[in-house]
1. Pick from the stretch 212-236 the residues that are within 18 Å of the chain's Cα centre (by Cα) and without any contact (Cβ under 8 Å) to a residue 60 or more places away in the chain: which of them is surrounded by the most Cβ atoms within 10 Å (Cβ to Cβ)?
2. Name every residue in the stretch 24-43 that is part of a strand (DSSP E or B) and either touching a Leu at 6+ places or on another chain (Cβ under 7 Å) or under 16 Å from Gly56 (Cα atoms) (or both), in order of residue number.
3. Hey, Ala186 hits all of (1) outside any helix (DSSP H, G or I); (2) surrounded by 17 or more Cβ atoms within 10 Å (Cβ to Cβ); (3) among the hydrophobic types (A, V, I, L, M, F, W, C) but one; which does it fall short on?
4. Of all residues in the stretch 1-21 being under 14 Å from Leu33 (Cα atoms) and in contact (Cβ under 8 Å) with a residue 24 or more places away in the chain, which is surrounded by the most Cβ atoms within 10 Å (Cβ to Cβ)?
5. Restricting to the stretch 72-87, what's the tally of residues that are surrounded by fewer than 19 Cβ atoms within 10 Å (Cβ to Cβ) and free of Cβ contacts under 8 Å to residues at least 60 places away in the same chain?
6. For Arg206, indicate whether it is of a type in the set (Lys, Arg), exposed (fewer than 13 other Cβ atoms within 10 Å of the Cβ), at pLDDT below 95 and in a loop (DSSP other than H, G, I, E, B).
7. Quick one: would you say Gln244 is under 21 Å from the mean Cα position of the chain (by Cα), modelled with pLDDT of 95 or more and over 18 Å from Ile183 (Cβ atoms)?
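The values are calculated or read from the model by the stated rules, or taken from the named source; none is laboratory data. None of the values given here were measured: they were computed from a predicted structure. Every residue, glycine as well, gets a Cβ built from its backbone with ideal geometry; the counts of neighbours run over all protein chains shown.
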Amino acid sequence: MIEPILNPGERIDGLPSQNIHIIQNPDMFAYSLDAILLAHFADVKGKGRGLTVDLGAGTGAVGLFYAPKVAGLIKLVEIQPELAEMAKRSIAMNGLQGRVSVLQSDMKAIFDDIQPGSVETVLSNPPYFPLNDTTKTNQDEHYELARHELTIDLPGLAQVANKLLKNNGKFYMVHRPERLADIFSAFSARKLMIKRIQFVYGKADREANMVLIEAIKAGRLGGVRIMPPIVAYEQTNEYTKQVQNILYGQSWI
C-alpha cells in the first residue's frame, strides 16, 4: 500500500481478504457491509477482461473491492466531487491507476465518456429511499445524495445500466427488500432479466434487511435462482463465520 496524505476527518478502512484500502470521511459518507457483500456477490464473466462500471461509486468501495477479481478496466462513476476525489486517492493508494479510474459525473451524462453497449458488468449500491411527501432526508448533503433518490430513481438507474451493457452483460445491485416490487418493475421494463437473488439478514431471527440482485441484459425470461441467505451477526453481535470468511478470506475464490 502506498501511504496517502489524509485530509482532516479522513481515515483509511479496508477489506483484508482483498488487501484493498479505502479513504473515507465519516462526516461525509462511509461504506458499510452492503458494499462488501455486493462486490463478493458479483460474478466474473469469462476471464474478467471486459469493462466494469460502478454507478454511484461514492468513495469507490464496491469497484475497488471487485478489482482483484477481474483483469479488465473499471470506471467508478460518482456525482459528488469530494467523494470522487477520495476515490482517486484510494486508487493511487492501492496501486490501481492502470486499471481503475474515476468519472465525476451525473450517471445520466456519462455516455460521451463510456460508449453505450460497451460494458460487460455494471455494479451499483444506489440510494435506497424514494422521495415522496413524507420523506425525511438527512441534513447533511452528502448523506442525502447517497441515501435518497435525489438525482436518479430506480427506473432511471435501470435505464442507464441497460444503455451501458452489452447484450448478455450483467447488472449487480444491492438494495432493500421492501423495494423488490419496484426493482422487478423497473428492470423488466428495461429488458434486465433478474436471474439471481440473495437475501441478507442482520440476525437469523430477523427479517431480511438487504437483497443482492443479478440481472442480465436481454436475458431469457424465467430461471430465477434464490441463493442461500447471508446472516451477518450472531446473537452476541459478532460477525458470523460466513461473513468473517468474506471479510478476511476464503470466500472470494
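1. Within the stretch 212-236, the match that is surrounded by the most Cβ atoms within 10 Å (Cβ to Cβ) is Ala215.
2. Filtering the stretch 24-43 down to residues part of a strand (DSSP E or B) leaves 24-25, 29.
Gln24, Phe29, listed by residue number.
3. (1)
4. Taking the stretch 1-21 as the starting set, the residues that turn out to be under 14 Å from Leu33 (Cα atoms) are 13-17.
Adding the requirement that they be in contact (Cβ under 8 Å) with a residue 24 or more places away in the chain leaves 15-17.
Working: Leu15: 22, Pro16: 10, Ser17: 20.
Only one residue tops the list, namely Leu15.
5. Of the stretch 72-87, the ones surrounded by fewer than 19 Cβ atoms within 10 Å (Cβ to Cβ) are 72-73, 81-82, 85.
Right, trim to free of Cβ contacts under 8 Å to residues at least 60 places away in the same chain and you get 72-73, 81, 85.
Summing the residues that are surrounded by fewer than 19 Cβ atoms within 10 Å (Cβ to Cβ) and free of Cβ contacts under 8 Å to residues at least 60 places away in the same chain in the stretch 72-87 gives 4.
6. Values: of a type in the set (Lys, Arg): yes; exposed (fewer than 13 other Cβ atoms within 10 Å of the Cβ): yes; at pLDDT below 95: no; in a loop (DSSP other than H, G, I, E, B): yes.
No, not satisfied.
7. Working: under 21 Å from the mean Cα position of the chain (by Cα): yes; modelled with pLDDT of 95 or more: yes; over 18 Å from Ile183 (Cβ atoms): yes.
In short, yes.
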